[in-house]
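Below: one structure in C-alpha cells.
The values are calculated or read from the model by the stated rules, or taken from the named source; none is laboratory data. Treat the numbers as computed from the prediction; the structure is a model and nothing was measured. Every residue, glycine among them, receives a Cβ derived from its backbone with ideal geometry; neighbour counts consider all protein chains shown.
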Amino acid sequence: MKAITLHAGKEKSALRYHPWIFSGAIEKVMGEPECGETVDVYAYSGEFLGLAAFSPTSQIRGRFWSFKDKAPINRAFFSNVLDKAIANRKSRGFDVADKASAFRLINAENDGIPGCIIDKYADLYSIEILSAGAEFFRKDIFELLAEKTGCRGILERSDSDIRLKEGLEKRKGIVFGEVPTEPVEILENGMRFKIDVWNGHKTGYYLDQRDARKRIEELAENRRVLNCFCYTGGFGLFALRGGASSVIQVDVSSDALKIAEDLVTLNNLDASKVIHTEADVFVYLRKCRDRAEQFDFIVLDPPKFIESKDHLNKGARGYKDINLLAMKLLAPGGMLATFSCSGLMEIGLFQKIIADAASDAHRSVQIIERFGQPADHPLNTAFPEGQYLKGLLLQAE
Ligand code: SAH
C-alpha cells in the first residue's frame with residue numbers, strides 16, 4: 001500500500017478540507033510512491049483522511065484529491081470533476097458550447113484538480129499543469145476535455161518556472177487536435193480580442209479581470225484615462241467604448257502593445273483617441289508627475305509583485321510607490337482602479353498601503369467599490385490561498 005502518515009496534530013487542516021499537505025507535516029511515507037502517484041493519507045491516530053497526490057520534491061508534498069472517501073482516483077474521477085465544472089460554469093453563464101467566449105473552466109484547487117488550470121478561448125483550450133498529481137493524470141484530463149467539449153484543439157502551456165519546484169520539466173505543445181500559431185479571436189462582453197495562446201502571458205490572457213474591465217466601461221465617459229500595465233489593452237478598450245475622451249495604454253511588452261493597437265481598429269474604436277506607450281510604469285508615472293499631467297481615471301493592474309514571503313516588503317513598497325504616484329496624477333474627482341494579484345498580499349494590508357499612499361500624496365480618497373475574482377475563478381472556502389486578485393475603486397476629492 002502506498003500511504004503517508006501525518007505527525008500528531010497535523011491532521012487538522014485536512015479535517016477542514018484544506019487540500020495541501022506540507023512536507024513538515026509528514027511522519028512517514030510507505031510503499032515508495034512515484035512522483036504524482038495517489039497515496040492514502042492517515043492521521044497519526046490511524047484515522048483515514050483521504051487520497052492525495054504525492055509530490056516528492058515539493059514543499060507541498062501532497063495535494064488531496066478527495067477526503068474520507070476511498071473511491072479510486074482514476075479516469076472516472078476526472079470525468080466527474082469535469083462534468084461538474086462544465087455544468088456549474090453553465091449555470092453561471094459560461095457555456096462550453098459557446099464557440100466565441102473565453103473563460104476559466106478549471107481553477108485548480110478551487111475546482112478539485114489541484115495545480116491544474118484550464119482556460120477556454122473560443123474553440124481552443126489552454127492548459128497549465130503545475131502539480132505532480134495533475135501531471136500524473138494529464139492524458140486522462142486532456143482526453144476527457146476533448147471528448148466532453150468537442151473542442152478544436154488543446155494546447156499545454158506548462159511552461160512556468162513553478163513546475164521546477166514540483167520536479168517537473170517545462171512543457172509547451174499541442175496535446176489534442178489543432179492549435180494554430182496565429183492568435184485566436186474571442187469575444188468578451190462584445191469586445192473582440194486576439195489571444196496568443198502560444199506566447200501570451202499565463203495561458204494567453206487575463207480572464208480574471210473581465211468584470212472589472214466591464215465596470216470601467218460604465219465609468220469612463222468623458223474621462224482622460226491612463227491604463228497602466230495594459231497588456232493587450234483590455235481596460236483601455238472598454239474605456240474607449242465607454243466614451244473616454246482619451247486613453248494612454250502603457251506596458252513594457254511591445255508584443256502586447258502591438259496586439260492592443262490592432263484591437264482598436266478591430267473593434268471600430270476611435271484610434272485618434274488612444275496612444276500606446278512602451279514604458280516602465282514606475283518611470284512613466286514619475287515623468288507624468290514631473291510634467292504635472294492629470295488624469296480622470298487611472299488603472300493600475302500590475303503583475304504579481306510578491307512571489308514568496310521574502311518578497312512581501314519589497315512588493316508592498318512597489319504597490320505603495322505606484323499608487324502614491326497615481327494618486328498625485330488624479331484630477332479632482334478622478335478615479336483610480338487599483339489591483340493586486342499577489343496572493344500573499346491580503347486585502348487588509350492592501351487597503352492599508354492604499355491609505356498610506358493617499359496620506360503621503362496629501363489626497364483625500366474614498367473607496368467606492370471593491371473588485372475580486374469573477375464567477376469562473378471561484379474560491380474554495382477551505383482554501384484561502386486561492387484568493388489572489390483584489391482591487392479597489394477609489395475616488396479622490
Ligand atoms: N490589465 C491587463 C493585464 C495586466 S498583466 C489586462 O486587463 O489584460 C500585467 C502587465 O504588466 C503585463 O502585460 C506586463 O508586460 C506588464 N508589466 C510588468 N512590469 C511592468 C512595468 N514595470 N512597467 C510596465 N508594464 C509592466
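Could you identify the single residue in TYR231, TYR284, TYR319 that is on the phi > 0 side of the Ramachandran plot and under 26 Å from the mean Cα position of the chain (by Cα)? Steps first, answer last, please.
Numbers: TYR284 fails: on the phi > 0 side of the Ramachandran plot; TYR319 fails: on the phi > 0 side of the Ramachandran plot.
Of TYR231, TYR284, TYR319, the one residue that is on the phi > 0 side of the Ramachandran plot and under 26 Å from the mean Cα position of the chain (by Cα) is TYR231.
If you go through the stretch 296-309, how many residues are away from the ligand (no atom under 16 Å from the Cβ) and either within 20 Å of GLY234 (Cα to Cα) or surrounded by 15 or more Cβ atoms within 10 Å (Cβ to Cβ) (or both)? Walk me through how you get there before you give the answer.
Going through the stretch 296-309, the residues away from the ligand (no atom under 16 Å from the Cβ) turn out to be 296, 308-309.
Adding the requirement that they be either within 20 Å of GLY234 (Cα to Cα) or surrounded by 15 or more Cβ atoms within 10 Å (Cβ to Cβ) (or both) leaves 296.
Number of matching residues: 1.
Ok, one more. Could we say that ASP95 is surrounded by fewer than 18 Cβ atoms within 10 Å (Cβ to Cβ), under 20 Å from the mean Cα position of the chain (by Cα) and charged (D, E, K, R) here?
Values: surrounded by fewer than 18 Cβ atoms within 10 Å (Cβ to Cβ): yes; under 20 Å from the mean Cα position of the chain (by Cα): yes; charged (D, E, K, R): yes.
Yes: the conditions hold for ASP95.
Please count how many residues of the stretch 198-227 are over 15 Å from the mean Cα position of the chain (by Cα) and under 22 Å from CYS151 (Cα atoms). Give the steps one after another, and end with the answer.
The first filter runs over the stretch 198-227 and keeps only residues over 15 Å from the mean Cα position of the chain (by Cα), leaving 198-199, 214-227.
Next cut, under 22 Å from CYS151 (Cα atoms) only: 198-199.
Total meeting the criteria: 2.
Further question: Which condition from (1) outside any strand (DSSP E or B); (2) of a type in the set (A, V, I, L, M, F, W, C); (3) touching a helix residue (DSSP H, G or I) at 6+ places or on another chain (Cβ under 6 Å) is the one that VAL250 breaks?
(1)
Right, another one. Test GLY46 against the criterion of being over 30 Å from the mean Cα position of the chain (by Cα), outside the structural domain of LEU130 (by TED's automatic domain parsing), among the small types (Gly, Ala, Ser) and closer than 13 Å to THR5 by Cβ, and give yes or no.
Considered against the rule, which asks whether it is over 30 Å from the mean Cα position of the chain (by Cα), outside the structural domain of LEU130 (by TED's automatic domain parsing), among the small types (Gly, Ala, Ser) and closer than 13 Å to THR5 by Cβ, GLY46 comes out as yes.
Considering only residues that are among the aliphatic types (A, V, I, L, M) and under 14 Å from PRO183 (Cβ atoms), look in the stretch 260-280 and name the one that is farthest from the ligand (Cβ to nearest atom). So that I can check it myself, show each step before the final result.
Step one: filter the stretch 260-280 for residues among the aliphatic types (A, V, I, L, M), giving 260, 263-264, 266, 269, 271, 274-275, 279.
Now restrict to residues that are under 14 Å from PRO183 (Cβ atoms): 260, 263, 266.
Details: ALA260: 9, LEU263: 11, LEU266: 15 Å.
For the stretch 260-280, the residue satisfying everything is LEU266.
Considering only the stretch 16-49, state which residues are surrounded by fewer than 17 Cβ atoms within 10 Å (Cβ to Cβ) and in contact with a strand residue (DSSP E or B) (Cβ under 7 Å, 6 or more places away or on another chain). Break it down into steps so the answer makes sense when it comes.
Filtering the stretch 16-49 for residues surrounded by fewer than 17 Cβ atoms within 10 Å (Cβ to Cβ) gives 16-17, 22-24, 27-32, 34, 44-48.
Within the stretch 16-49, TYR17, PHE22, SER23, GLU27, LYS28, VAL29, MET30, GLY31, TYR44, PHE48 meet the criteria.
Kindly indicate the residue of the stretch 129-143 that is over 22 Å from HIS18 (Cβ atoms) and either basic (Lys, Arg) or under 20 Å from the mean Cα position of the chain (by Cα) (or both) and also surrounded by the most Cβ atoms within 10 Å (Cβ to Cβ) among those meeting that condition. Write out each step before concluding.
Going through the stretch 129-143, the residues over 22 Å from HIS18 (Cβ atoms) turn out to be 138-143.
Add one more test, that the residue is either basic (Lys, Arg) or under 20 Å from the mean Cα position of the chain (by Cα) (or both), and what stays is 138-139.
Details: ARG138: 17, LYS139: 10.
Top of the filtered list is ARG138.
Is there a residue in the stretch 50-58 that is loosely packed, with under 15 Cβ neighbours inside 10 Å, touching a Gly at 6+ places or on another chain (Cβ under 8 Å) and either small (Gly, Ala, Ser) or closer than 17 Å to PRO114 by Cα (or both)? If you could, list the steps in order and put the result at the bottom.
Just the residues of the stretch 50-58 that are loosely packed, with under 15 Cβ neighbours inside 10 Å, to begin with: 57.
Now restrict to residues that are touching a Gly at 6+ places or on another chain (Cβ under 8 Å): 57.
Then drop every residue that is not either small (Gly, Ala, Ser) or closer than 17 Å to PRO114 by Cα (or both), which leaves 57.
Yes, the stretch 50-58 contains a residue that is loosely packed, with under 15 Cβ neighbours inside 10 Å, touching a Gly at 6+ places or on another chain (Cβ under 8 Å) and either small (Gly, Ala, Ser) or closer than 17 Å to PRO114 by Cα (or both).
Something else about it: Quick test for you: out of PHE94, PHE78, PHE103, pick the one residue that is touching an Asp or Glu at 6+ places or on another chain (Cβ under 9 Å), assigned to a loop (DSSP other than H, G, I, E, B) and touching a residue at least 60 places away in the same chain (Cβ under 8 Å). Outline the logic, then answer.
On the way: PHE78 fails: assigned to a loop (DSSP other than H, G, I, E, B); PHE103 fails: assigned to a loop (DSSP other than H, G, I, E, B).
Testing whether each residue is touching an Asp or Glu at 6+ places or on another chain (Cβ under 9 Å), assigned to a loop (DSSP other than H, G, I, E, B) and touching a residue at least 60 places away in the same chain (Cβ under 8 Å) leaves just PHE94.
Condition check ((1) touching a helix residue (DSSP H, G or I) at 6+ places or on another chain (Cβ under 9 Å); (2) more than 30 Å from VAL39 (Cα to Cα); (3) touching a residue at least 60 places away in the same chain (Cβ under 8 Å); (4) assigned by TED's automatic domain parsing to the domain that holds SER308) across all residues:
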{"position": "LYS120", "(1), (2), (3), (4)": "yes, yes, no, no"}
{"position": "PHE136", "(1), (2), (3), (4)": "no, no, yes, no"}
{"position": "ASP140", "(1), (2), (3), (4)": "yes, no, yes, no"}
{"position": "SER160", "(1), (2), (3), (4)": "no, no, no, no"}
{"position": "GLY167", "(1), (2), (3), (4)": "yes, no, yes, no"}
{"position": "ASP211", "(1), (2), (3), (4)": "no, yes, yes, yes"}
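Mind checking which residues of the stretch 108-139 are part of a loop (DSSP other than H, G, I, E, B) and of a type outside the set (S, T, N, Q)?
GLY112, ILE113, PRO114, GLY115, ALA122, ASP123, LEU130, PHE137
Per-residue answers, yes or no, for (1) in a strand (DSSP E or B); (2) within 16 Å of the ligand (Cβ to nearest atom); (3) at pLDDT 95 or above; (4) over 30 Å from GLU369 (Cα atoms):
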| position | (1), (2), (3), (4) |
| --- | --- |
| LYS148 | no, no, yes, yes |
| CYS151 | no, no, yes, yes |
| ARG163 | no, no, no, yes |
| ILE174 | yes, no, yes, yes |
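Here is a yes/no grid of residues against (1) modelled with pLDDT of 95 or more; (2) under 25 Å from PRO384 (Cα atoms); (3) of a type in the set (Lys, Arg):
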| site | (1), (2), (3) |
| --- | --- |
| ALA53 | yes, yes, no |
| LYS84 | yes, yes, yes |
| SER91 | yes, yes, no |
| ILE113 | yes, yes, no |
| ILE118 | yes, yes, no |
| ARG138 | yes, no, yes |
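Every residue in the stretch 213-246 that is more than 7 Å from the ligand (Cβ to nearest atom), part of a helix (DSSP H, G or I) and buried (at least 24 other Cβ atoms within 10 Å of the Cβ), please.
ILE216, GLY236, LEU237, PHE238, ALA239, LEU240
Any idea which of (1) touching a residue at least 24 places away in the same chain (Cβ under 8 Å); (2) under 30 Å from ASP119 (Cβ atoms); (3) loosely packed, with under 14 Cβ neighbours inside 10 Å is the one GLU397 doesn't satisfy?
(2)
Could you check the stretch 310-349 and list, in sequence order, the residues that are of a type in the set (S, T, N, Q) and surrounded by fewer than 16 Cβ atoms within 10 Å (Cβ to Cβ)?
Here is the first cut: in the stretch 310-349, the residues of a type in the set (S, T, N, Q) are 313, 323, 338, 340, 342.
Listed by number, the list holds a single entry, ASN313.
Can you name the residue in the stretch 335-346 that is closer than 14 Å to LEU393 by Cβ and not aromatic (Phe, Trp, Tyr) and, of all such residues, is farthest from the ligand (Cβ to nearest atom)?
Filtering the stretch 335-346 for residues closer than 14 Å to LEU393 by Cβ gives 335-340.
Then drop every residue that is not not aromatic (Phe, Trp, Tyr), which leaves 335-338, 340.
Working: MET335: 16, LEU336: 14, ALA337: 10, THR338: 12, SER340: 11 Å.
By that ranking, first place goes to MET335.
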